[in-house]
Amino acid sequence: MNTALINQALEGDRRAIGRAISALENSGESAYAIRQAVASRQGKAHVIGVTGPPGGGKSTLVSAMIRSLRERGLTVAVVAVDPSSPFTGGAVLGDRIRMGERQSDEGVFIRSLASRGHLGGLATAAADVIDLFDAAGFNVVIVETVGAGQSEVEIIRYADTKIVVCPPGLGDDVQAIKAGILEIADVFVVTKADLPDSRKTESDLRAMLALRKDKNALPPVLKVVATNGDGVDELVQVLCERGERGVRHRAGSAIETHQQLSRFISSDNVAQMLGIELVAASKGSTTLRMQVQRKHINFNGKCHGGMLFSFGDMALGLACNSHGQLATLVDGQMSISTAVDEGDWLIAHASEVSRSRKIGSYQVRISRARDDAHIALIHGTVYVLDRPPVGANDG
């Protein structure tokens, strides 16, 4: 994908955006060029995540939200997880088709992403597409997932505002929401609020929220009938108010993250020796590049495995320290699939698989830029300390 086409995508050309998304899904040299182009233009969109159990009315809700957002003059992009994912049991194609009717609106862009059978790939592709939509000037980016589970917790990390959809009649399933998703929600939406059980679902949610220690930051519980629009405008008003506060912070945060990690690289002797360059950075994710030089070659005429690990370790280290807390590697393994020659350009993309208060899990894929050949894979576990990274306040 050439520079002119990438620039067209960033200017909002729909066909160019579609091609750029395909390039990001397929990775390779074009994906690297796109990530580099969008790196300095992120942080302006309000990213909204929508998750909840299968059949909960998420796609219908998103379609109604699009209508209300467009009435306010806002442009909207939707990243929808492909319902063919083996991790989901719901079949929501009909709702997706209804949502797709909005595609004729030039202010709306909807794209489904396939999971391709593994959560890490799903999260990585989604993050790239979100950043592209953001850089292309969409005011709001909605990330809709299918079903409740680890994939939802994984992908929802990229949202400024997280909506958890709770349809009536969940019964014991409310406990599953409480165990896995309650903590991440910024807004709870009781869908299908015209059904008899909706009042009980609302009261159950409020009872669970009452157990929180911090009573000053409880997420609102809103009731919506998306099929006729009842309650949708009220929901969108809440979202817009959050967006006005949060997007400004996100824009500053994205720039600060990139600048901070750039300083880390410039002060790292190994990074300078290897010639590592920062391509893109966000919380929990980094993309680096490096050209293999004569000094990296071993006695067999190929790139030394230690150089590959150092390259991947740098990507992992930047990703895990991007949250402003010092994180140190406690376990790491690398598998090498392909030998690398002098002159090859390599890409290392690190992504956050999971992160708790003390432990984080990360994956780094190293590939060859010219053909996206898989070179190596690194899995790492880090321990998070309650202090900033060394040198975080420098510069």
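Looking at (1) surrounded by 14 or more Cβ atoms within 10 Å (Cβ to Cβ); (2) not in a strand (DSSP E or B), which is the only condition Leu288 fails? Here Leu288 clears every test but (2). Checked against (1) modelled with pLDDT under 90; (2) under 30 Å from Thr201 (Cβ atoms); (3) touching a helix residue (DSSP H, G or I) at 6+ places or on another chain (Cβ under 7 Å); (4) of a type outside the set (Gly, Ala, Ser), Glu244 passes all but condition (3). One residue is enough: does region 300-308 have a residue meeting the conditions part of a strand (DSSP E or B) and over 22 Å from Ser30 (Cα atoms)? The answer is yes, given that some residue of region 300-308 is part of a strand (DSSP E or B) and over 22 Å from Ser30 (Cα atoms). Of the numbered criteria (1) over 25 Å from Arg355 (Cα atoms); (2) in contact with a Cys (Cβ under 8 Å, 6 or more places away or on another chain); (3) at pLDDT below 90, the one Asp172 fails is (2).
Here Phe311 passes the criteria (1) in contact with a Leu (Cβ under 7 Å, 6 or more places away or on another chain); (2) loosely packed, with under 15 Cβ neighbours inside 10 Å except the one numbered (2). Checking the structure you have, find out if any residue of region 218-240 is out of contact with any Ser or Thr (no Cβ under 7 Å at 6 or more places or on another chain), in a helix (DSSP H, G or I) and modelled with pLDDT under 90. Scanning region 218-240, I find no residue that is out of contact with any Ser or Thr (no Cβ under 7 Å at 6 or more places or on another chain), in a helix (DSSP H, G or I) and modelled with pLDDT under 90, so the answer is no. If you filter region 284-300 down to residues that are touching a residue at least 24 places away in the same chain (Cβ under 8 Å) and out of contact with any Asp or Glu (no Cβ under 8 Å at 6 or more places or on another chain), you find that the one that is nearest to Ala37 (Cα to Cα) is Thr287.
The residue pairs whose first member lies in region 256-279 and is part of a helix (DSSP H, G or I), whose second member is among the acidic types (Asp, Glu), and whose beta carbons are closer than 7 Å, counting only pairs six or more residues apart or on different chains, are Arg263/Asp394.
Select from region 353-367 the residues that are out of contact with any strand residue (DSSP E or B) (no Cβ under 6 Å at 6 or more places or on another chain) and assigned to a strand (DSSP E or B) and write down the one among them that is surrounded by the most Cβ atoms within 10 Å (Cβ to Cβ). Out of the qualifying residues, it is Arg355. Would it be correct to say that Ile336 is under 23 Å from the mean Cα position of the chain (by Cα) and at pLDDT 90 or above? No, not satisfied.
Selection of region 226-238 for residues being in contact with a Leu (Cβ under 9 Å, 6 or more places away or on another chain) and either of a type in the set (Lys, Arg) or touching a residue at least 24 places away in the same chain (Cβ under 8 Å) (or both) yields Ala226, Gly231, Val232, Leu235, Val236, Val238. The listed residues are Arg294, Arg370, Arg355, and the only one of them that is modelled with pLDDT under 90, over 24 Å from Ser30 (Cβ atoms) and of a type outside the set (Asp, Glu) turns out to be Arg355. If you go through region 13-29 one residue at a time, do you hit one that is outside any helix (DSSP H, G or I) and either surrounded by fewer than 18 Cβ atoms within 10 Å (Cβ to Cβ) or over 20 Å from the mean Cα position of the chain (by Cα) (or both)? Looking for residues that are outside any helix (DSSP H, G or I) and either surrounded by fewer than 18 Cβ atoms within 10 Å (Cβ to Cβ) or over 20 Å from the mean Cα position of the chain (by Cα) (or both), one finds at least one in region 13-29, hence yes. Scanning region 30-47 for residues that are in a helix (DSSP H, G or I) and either of a type outside the set (Ser, Thr, Tyr) or farther than 26 Å from Arg245 by Cα (or both) turns up Ser30, Ala31, Tyr32, Ala33, Ile34, Arg35, Gln36, Ala37, Val38, Ala39, Arg41.
Filtering Leu318, Leu329 for residues that are under 19 Å from Ser267 (Cβ atoms), hydrophobic (A, V, I, L, M, F, W, C), surrounded by fewer than 17 Cβ atoms within 10 Å (Cβ to Cβ) and free of Cβ contacts under 8 Å to residues at least 60 places away in the same chain leaves a single hit, Leu329.
The values are calculated or read from the model by the stated rules, or taken from the named source; none is laboratory data. If you're wondering where the values come from, they're calculated on a predicted model, not measured in any experiment. Positions of Cβ are backbone-derived with ideal geometry, glycine not excepted, and every protein chain shown enters the neighbour counts.
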